[in-house]
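Written out below as structure tokens is the structure these notes cover.
The values are calculated or read from the model by the stated rules, or taken from the named source; none is laboratory data. Given the structure is predicted, the values throughout are model-derived calculations rather than measurements. Ideal geometry is used to build each Cβ from the backbone, glycine not excepted, and the neighbour counts take in all protein chains shown. These area figures cover heavy atoms from the full protein model, side chains too; ligands, DNA and RNA do not enter into them. Shrake-Rupley method; radii C 1.70, N 1.55, O 1.52, S 1.80 Å.
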Amino acid sequence: MSFPKGFLWGGAIAAHQAEGAYLEDGKGVATCDVMHGGKGRVAEMSDMKAIRANIENPQGYFPERVAVDFYHRYKEDIALFAEMGFKVFRTSISWARIFPNGDDAQPNEKGLAFYDSLFDECLKRGIEPLVTMSHWEMSINLTKKYNGWASRELIPLFERYAKTIFARYKDKVKRWLTFNEINMSFHMPSLGVGALIDDPAQKEAMTLRACHNQLVASALAVKACHEMIPGAKIGCMVAAMTTYPYTCRPEDVWEKTLMERRNYALTDVQAQGKYPAWFDRYVEKQNIDIGKTADDERILREHTVDFVSFSYYCTNAVSTDPAVTDKSQGNVFGGVQNPYLKSSEWGWQIDPLGLRITLSFLYDRYQKPLFIVENGLGAKDTVEADGSVNDDYRIEYLREHIKAMKAAIEEDGVDLMGYTAWGCVDIISASTGEMSKRYGFIYVDKDDEGNGTLNRSRKKSFFWYKDVIASNGEKL
Ligand code: BGP
């Protein structure tokens, strides 16, 4: 069993979790700059009072304001990625660096120049950039002025941002992703669509309307990318959350079905060009108007993505039996504990076969090339007296998940483009704001309170992954 020639091995980060320099060179305050931090290090996404306080009068520690200072240290990090043999490096462009207020008349040249240098450094090292256009980094002004994606005003503003970065980087970036984990907008509208919704009775309608606006903008970005960068490929991105029924009781299976179809509803639109039938019926019966026009339907239909990318960390189990109460954690949405799986220190249930199940499910559903753009183990690492970090647990996690990928390609016929391990250099956790939840092959000297030199060092997994890439997945 082997990976195809040219398989895109690499690593992934996001601007807001790595760059820091949160106001440098004209960057505007972004939603994640106020939602990731404050009294609780990460504001509870449904706590509008806490988020509004962070917007109006930020108090306390905001870990992402410095993060790991990738903004100034990217050349050193990219050199380390090249040492591992990366073919591709995924990061996001912070929309708030390019349009500090989101609706500025002109883009911020210093923001554009930073990403020019970043992509030049990647290409100089033989690494292809894979760029996420929106990873929860929109200007907070768009929330304050328009209530984020709840307003259709965001559609032309995002289209203008898309055309600006496509025109600027068309010779350097040939693979793009529109919205990171677009399904998170369902679960965390404040972060996913930058909308503050106070009235619980309005939450679902406003969230679905905001998601619809984001989908139209995503399709317009696909249209612009195909027109402006011949040969470029643009994909969507979803947090895959494969869900198991806790028992074979039909009610548990139905609960799994409801969870999964909701989780993939927005990706269905991006990949298939229309909403699933159940969704149309649902909004009709709930009397929810998502503001969809005939022209929206044409745009969605005519501009579907070239590939489907996703994050995968763990799987979920659901039960309709109130007696089943032992909860599990997970990438934003948890479920009940699956007794057949071990958990990470943060309660995420480790399931390599679940990745093979997910790959087959998504390939069968969309019949488009797939790209795993996030996978990894968040864990506490120990620095030994000699400075080494022996993260055998992370090697074990990654080895088993790469084996699952191999089986999906070789035995299930899945067309998998590449794999970018999440947090390839240690960065700030999005869900907890912790530095101690580390994913990297590269250790960064910084703690949860922001102390440290930010110096980088190679973990044991750094040398392991270098061999994996050099052998194209043979040497695990
Ligand atoms: C996904 C996000 C990433 C990253 C990842 C790991 O939802 O796309 O930005 O944060 O989760 O989660 P965490 O950082 O909370 O461990």
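Listed values, structure above:
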quantity: Where chymotrypsin sites (Phe, Trp or Tyr not before Pro) fall in DSSP loop in region 297-391, at most 14 other Cβ within 10 Å; calculated: Tyr340
quantity: Radius of gyration and Dmax over the Cα atoms of region 1-82, both given in Å; calculated: 16.9, 56
quantity: Size of electric dipole in the chain: Cβ of Lys, Arg +1 and of Asp, Glu -1, about Cα centre, debye, nearest 20; calculated: 760
quantity: Nonlocal amide H pairs with Asp448, under 5 Å, H built at 1.01 Å; calculated: Met435, Ser436
quantity: Where Asp171, Asp351 fall by accessible area, highest first, once all protein chains stay in place (1.4 Å); calculated: Asp171, Asp351
quantity: For the chain, accessible area per residue (1.4 Å probe, heavy atoms of protein chains only), Å²; calculated: 37
quantity: Mean residue ellipticity (222 nm) of the chain, computed from DSSP H runs ≥ 4 via -39,500 (n - 2.57), nearest 500; calculated: -13000 deg cm²/dmol
quantity: Net charge of neighbours whose Cβ lies under 15 Å from the Cβ of Glu24, counting Lys and Arg as +1 and Asp and Glu as -1; calculated: -2
quantity: Entries of Lys124/Lys406; Lys170/Lys460; Lys403/Lys459; Lys292/Lys342 with Cα pairs more than 32 Å apart; calculated: Lys170/Lys460; Lys292/Lys342
quantity: Nearby aspartates and glutamates by direct alpha-carbon distance to Lys49 (threshold 14 angstrom, same-chain neighbours under 8 apart not counted); calculated: Asp198, Asp199
quantity: Proximal charge balance of Phe279 [Cβ under 12 Å; K/R count +1, D/E count -1]; calculated: +3
quantity: Most positive-pole-ward Cα, Gly148, Pro129, Tyr115, against dipole of region 115-180 from beta carbon charges; calculated: Gly148
quantity: GluC sites (Glu not before Pro) within region 383-476, DSSP loop, no more than 11 other Cβ atoms inside 10 Å; calculated: Glu384, Glu411, Glu449
quantity: Per-residue HN-Hα couplings for region 12-21 [Karplus 6.51, -1.76, 1.60; θ = phi - 60°; Hz; x = Gly/Pro]; calculated: 9, 9, 10, 3, 5, 8, 10, 5, x, 6
quantity: Range of Cα positions in region 8-470 per principal axis (Å), largest first; calculated: 64, 57, 46
quantity: Long-range HN-HN contacts of Gly37 with modeled amide H, under 5 Å; calculated: Val42, Ala43
quantity: Listed residues Ala294, Ile51, Tyr71: farthest to the positive end of the dipole of the chain (Cβ charges); calculated: Ala294
quantity: Sparsely packed trypsin sites (Lys or Arg not before Pro) within region 203-304, loop by DSSP, other Cβ within 10 Å at most 15; calculated: Lys274
quantity: Neighbourhood net charge (13 Å Cβ-Cβ; Lys/Arg +1, Asp/Glu -1) for Ser134; calculated: -2
